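Chemist: Quick one: the structure is below, questions incoming.
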C-alpha cells in the first residue's frame, strides 16, 4: 500500500458567483521513504494540494476526492483526528522561514511544544529532545541556540529550525513547500543536503514542491509536472528530464539558459487565469505542437511508455530532440 | 581586455567604479553608533561599452548597493564613479539630467516599480516629456514602437498596470527604460520575480537589445545559469568586496577563487544522478562583523595559515597564463 494515495482530488474556491476550480482531478501516490517532486509555476495549484493534505485549506476552498493516508481518508476524517495527525505523522515546512516562526517565542519553546503536544513529554524531557533535534539539523552549539529568538538567526538557520520542528515526531511524510526558494544558492545546497540525509536516516517520505526543475533533478525519485491544476507528466525523475513527453515539460527544460548566446526557446504567452482556461487541452494555447484535435476534449493522463504518464494526445510523436531544431 | 583597474588611467569603459565605498552607520540612535555596516568596501571595476558586465553574489554581498551608487540614487561614502570619464558625483543641472537619460534601471519587482495610477501610455511618455525627446503629436507612434519592441500589442497602452501579469509588467519596465534611448541599463535581478517560462522570454528580449541596439548592461543576479548565458564579464562579490573578476568564459570554465568554485558547484544542475553539489559550511557572516584576514576564510575549504590574519588583494594571479583576470586569494598570490 502506498503511504499517501491521492485519487481524483479537486479543489475549488467558492466565489460569489460560481465555484472557481483550481485543482482538477489530481491522481498520484507517494510510497514510503520516497522523495516525490511536484513541479510547477506559480498558480498551478501545487501549494493548495499540499495544504489539502495537511487539512489546512483556506475557509473558502473546497476539496473533493480521496486523500488516502495509510488507508485513512484525510478529507473525511474528523477535525480532531487530523489535528492529532498533523505535526506527528505528516508535517510541513514552508517557503518563508521568517513568517512561519513566532517572533516572540524562543525556538526551543516552539520546537518542544510539538513534542509535549503530540508525544506527551514533560517540558524538561522535551527540551532535551529539542537539543538533539537541533543537533540533527546541524545547528552549531544547540544548548545556547535553544534559548534564542528567530530574529537572532539567519534565513538558513531558521529553515533548519523549521525542519527540526517538522521532524520532531518522526513523521512518515514531510511536505516541503519551496523550502529553499527564499535562500541563497550555497544555503540552498546545505538545506537540500540536510533533507536528503534526514530522509535516509529516518526513512520518511518527502513531498518536495518546487518551481525549479533543478531542485528535483538532484533530490527526488519521482516527479509530477503540474500545469493549470492538472498533472501534465508523471514519471521517475530521470525519465522526465531525459525523455520528456509532454510539450510543457519540454518547454520548461528549454527555458533554462544553456551555453552562451544560443537563443532560448521560451514557452510563448503566460499562464492563463484559472477562470479563463482554453477548451480541450489546457496547455493548447501555448503549445507549439497544437493541432485542432487538441481543442476538442481534454486529453487523459495516460501511460505513454512503461512508468511514464503524460496528458497529451501527441506524446508518441514528439520528443525533446525534435523540439530543439 | 584592458578594463581591469590597475590604479592608472589606462582603461576604457562606459561606466567605472573606482575604490567605491558605502558604509551605513549601525547602532541605537544617532548618538550611540556602534560601528559601520560596510555594504560596499573598495569596489573598482569598469564596464565596457556594448557588453554585459555582471555582478554576482549572495544576498547581502553589496551588489544592489553598487547599482544604486552607480545610478547616483545614494551617495557613496568615498570613491569615484566615472561615466564616460565624467565624475558622476559632481554632476549638476543639465549634465545630471543627461546622465539620467543615458543610464536607466530595471528593478527586480515589476509589481512595485510601475505607478498603479498611470496608464501604460502615461508611464511610457513621462520620460519623453521630461527629457523633451518627442513632440506631443509623436507620442503615440513612439509608444507603439516601444511596446512592439518588447513584444506587446498596441492596445495595451490605455490599460493600467494591475491588468498585467508579472512578465508583461517587466516588459513594460523594459520599454520605459528604452524610451529615452539609454546607453547602459542597470538590471537589478530583473528575472527573479518571474516564473521559469517567463524568465526565458525576458532574457531573450534583453539578449536582443544587447545585440541589435548595442546597449550595455550592468546585470545583477544571483542565478548563475542566467549570468553564464548573458554576460561577457563577471565580478563575484562577497561581503562588499570583489573577490574575483574575469571574462565570463574564463570564470565559468576555470574559477580561481574558492568562493567562486563553491558558488558554481552549488548551482542546481538538471542532469539527474550527476555529481552532487558541493556543500559549503556555515552562513555568510554579518557585514557588521567582517572576519579578519580574508573575509571568506571561516567558510573556505582551502584556507591555510595567513588567511585568517592577512587580507589578500584583488590582483592578477602570480602564475603565468592568467592574464587579464583578477582574484583576491592567497592561493594565487602568495607572499
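Derivation of every value follows stated rules applied to the coordinates shown; laboratory data play no part. Computed from a prediction, not measured in an experiment: that's the story for all the values here. Virtual Cβ from ideal backbone geometry, glycine too; neighbours counted across all protein chains shown.
Chemist: Across the Cα atoms of chain A, what radius of gyration and what greatest pairwise Cα-Cα distance (Dmax) are found, in Å?
Modeler: Expressed in Å, the Cα Rg and Dmax of chain A come to 20.8, 68.
Chemist: Please average, across the residues of A:178-187, the number of beta carbons from any other chain that are within 10 Å of each residue's own beta carbon, and give a whole number.
Modeler: Numbers: counts 0, 0, 1, 1, 1, 2, 10, 14, 16, 8.
Mean inter-chain Cβ contacts per residue within 10 Å come to 5.
Chemist: Rounded to whole Å and sorted largest first, list the principal axis extents of the Cα atoms in the stretch A:147-299.
Modeler: Per principal axis, max minus min of the Cα coordinates gives 63, 39, 31 Å.
Chemist: Which of A:165, A:98, A:204 moves the most in a Gaussian network model of chain A with Cα springs under 10 Å?
Modeler: Of A:165, A:98, A:204, the Gaussian network model singles out A:98 as fluctuating most.
Chemist: Next up: Starting from the Cα coordinates of the stretch A:129-231, work out the convex hull volume and express it per residue in Å³. Let's see the in-between values first.
Modeler: Working: hull volume 11.7 nm³, N = 103.
Taking only Cα atoms, the stretch A:129-231 has a hull volume of 114 Å³ per residue.
Chemist: Over the Cα atoms of the stretch A:223-317, what Rg and Dmax result, in angstrom?
Modeler: 13.4, 40
Chemist: May I pose another question? How tilted is helix B:139-149 with respect to the longest principal axis of chain B? Cα atoms for both, answer in degrees (0 to 90, nearest 10).
Modeler: Long axis of B:139-149 versus the principal axis of chain B: about 50 degrees.
Chemist: Rounding to the nearest 10 and keeping the result within 0 to 90°, find how far the Cα-based axis of helix A:185-202 lies from the longest principal axis of chain A.
Modeler: Here the helix axis deviates by roughly 70 degrees.
Chemist: Using DSSP, restrict attention to beta bridges with both residues in the protein assembly as shown and report what percent are antiparallel, rounded to the nearest 5. Show your work: numbers first, answer last.
Modeler: Working: 55 of 92 bridges.
Of the beta bridges lying entirely in the protein assembly as shown, close to 60 percent run antiparallel.
Chemist: Given springs between every Cα pair under 10 Å in a Gaussian network model of chain B, which of B:54, B:216, B:181 has the largest fluctuation?
Modeler: B:181
Chemist: At q = 0.18, 0.20, 0.24 Å⁻¹, what log₁₀ I(q)/I(0) does the stretch B:67-116 have when each alpha carbon counts as one equal point scatterer in the Debye sum?
Modeler: Once normalised to I(0) and log-transformed, intensities are -0.64, -0.75, -0.94.
Chemist: What does the convex hull of the Cα atoms of the stretch A:1-53 come to per residue, in Å³, rounded to a whole number?
Modeler: Working: hull volume 4.2 nm³, N = 53.
Taking the convex hull of the Cα positions in the stretch A:1-53, it is 79 Å³ per residue.
Chemist: Turning to a different aspect of this structure: Give me D for the stretch A:190-240 in µm² s⁻¹, whole number, from Stokes-Einstein with Rh from the Kirkwood sum over alpha-carbon pairs, 4 °C and 1.567 mPa s. Spell out each step's value before the answer.
Modeler: Values: Rh = 11.9 Å.
Answer from the Stokes-Einstein relation: 109 µm²/s.
Chemist: How many nm is it between the label spots at residue A:317 and residue A:84, if each spot is 7 Å from the Cα in line with the beta carbon?
Modeler: Label-label distance for residue A:317 and residue A:84, simple model: 5.6 nm.
Chemist: For the protein assembly as shown, build the convex hull from the C-alpha positions and give me its volume per residue in Å³.
Modeler: Working: hull volume 124.3 nm³, N = 660.
Normalising the Cα hull of the protein assembly as shown by residue number yields 188 Å³.
Chemist: Just the number, please: percent antiparallel of the DSSP beta bridges in chain B, rounded to the nearest 5. All intermediate terms of the calculation are to be shown ahead of the outcome.
Modeler: Working: 27 of 45 bridges.
If I count the DSSP bridges inside chain B, around 60 percent turn out antiparallel.
Chemist: For the stretch A:49-99, what is the largest minus smallest coordinate of the Cα atoms on each principal axis, given in angstrom and ordered from greatest to least?
Modeler: For the stretch A:49-99, the Cα extents along the three principal axes come out at 34, 26, 17 Å.
Chemist: Relative to 2.2 N^0.38 Å, what does the C-alpha radius of gyration of the stretch B:97-168 come to as a ratio? Two decimals please.
Modeler: Output field value: 1.12.
Chemist: Quick one: helix A:123-136 against the long Cα principal axis of chain A, what's the angle to the nearest 10°, folded into 0 to 90?
Modeler: 50 degrees
Chemist: Work out the mean other chain Cβ neighbour count within 10 Å for the residues of A:252-259 and drop it here as an integer.
Modeler: 6
Chemist: I want to verify the translational diffusion coefficient of the stretch B:103-219 in µm²/s; compute it with Stokes-Einstein, Rh as the Kirkwood radius over Cα pairs, at 20 °C and 1.002 mPa s.
Modeler: Numbers: Rh = 14.2 Å.
After rounding, the answer is 151 µm²/s.
Chemist: Hey, another quick one. Ignoring everything except DSSP H segments at least 4 long, calculate the 222 nm mean residue ellipticity for the protein assembly as shown; use -39,500 (n - 2.57) per segment, divide by total residues, nearest 500. Mind showing how you got there, number by number?
Modeler: On the way: 21 runs with 200 residues, N = 660.
That comes out to -8500 deg cm²/dmol.
Chemist: Can you tell me which of A:131, A:231, A:93 moves the most in a GNM of chain A? Springs connect C-alpha atoms under 10 Å apart.
Modeler: The residue with the greatest mean-square fluctuation here is A:131.
Chemist: Please compute, over every Cα-Cα pair in the stretch B:11-116, the percentage with a separation greater than 22 angstrom. Display every interim value, and only then the final one.
Modeler: Numbers: 2202 of 5565 pairs.
Here the long-distance tail beyond 22 Å is 40 percent of all Cα pairs in the stretch B:11-116.
Chemist: Suppose the Debye formula is applied to equal point scatterers at every Cα of the stretch A:1-100; what is log10 I(q)/I(0) at q = 0.12 Å⁻¹?
Modeler: Values returned for q = 0.12 Å⁻¹ are -0.41.
Chemist: Mind jotting down a quarter of the surface of the convex hull over the alpha carbons of chain B, in square nanometres, one decimal?
Modeler: Values: hull surface 79.6 nm².
Averaged projected area of chain B's Cα convex hull equals 19.9 nm².
Chemist: For a quick protection proxy, order the peptides B:16-22, B:76-82 by their average other-Cβ count within 10 Å, most packed first. Mind dumping the intermediate values first?
Modeler: Numbers: B:16-22: 20.9, B:76-82: 17.3.
Final packing ranking: B:16-22, B:76-82.
Chemist: Regarding the stretch A:119-182, what are the three Cα extents along the principal axes, ordered largest first, in Å?
Modeler: Computed over the stretch A:119-182, the largest-to-smallest principal extents equal 35, 30, 16 Å.
Chemist: May I ask for the Kirkwood hydrodynamic radius of the stretch B:152-243, worked out over all distinct Cα pairs and given in angstroms to one decimal? Write down the numbers at each step before the final one.
Modeler: On the way: mean 1/r = 0.0689 Å⁻¹.
Result for the stretch B:152-243 stands at 14.5 Å.
Chemist: Output needed: percent of Cα pairs per 10 Å distance bin for the stretch A:58-128, bins running from 0 to the one holding the longest distance.
Modeler: 15, 36, 34, 14, 1
Chemist: Pull up the DSSP beta bridges for chain A and report the antiparallel fraction as a percent, rounded to 5. Mind showing how you got there, number by number?
Modeler: Numbers: 28 of 47 bridges.
In chain A, DSSP labels about 60 percent of beta bridges as antiparallel.
Chemist: Follow-up. Stokes-Einstein diffusion coefficient for the stretch A:31-155 at 4 °C in a medium of 1.567 mPa s, Rh from the Kirkwood formula over Cα pairs: what value in µm²/s? All intermediate terms of the calculation are to be shown ahead of the outcome.
Modeler: Working: Rh = 16.9 Å.
Once the numbers are plugged in, D ends up at 77 µm²/s.
Chemist: Over the Cα atoms of the stretch B:220-335, how large are the radius of gyration and the largest Cα-Cα distance (Dmax), in Å?
Modeler: Using the Cα atoms of the stretch B:220-335, the pair Rg, Dmax is 14.4, 43 Å.
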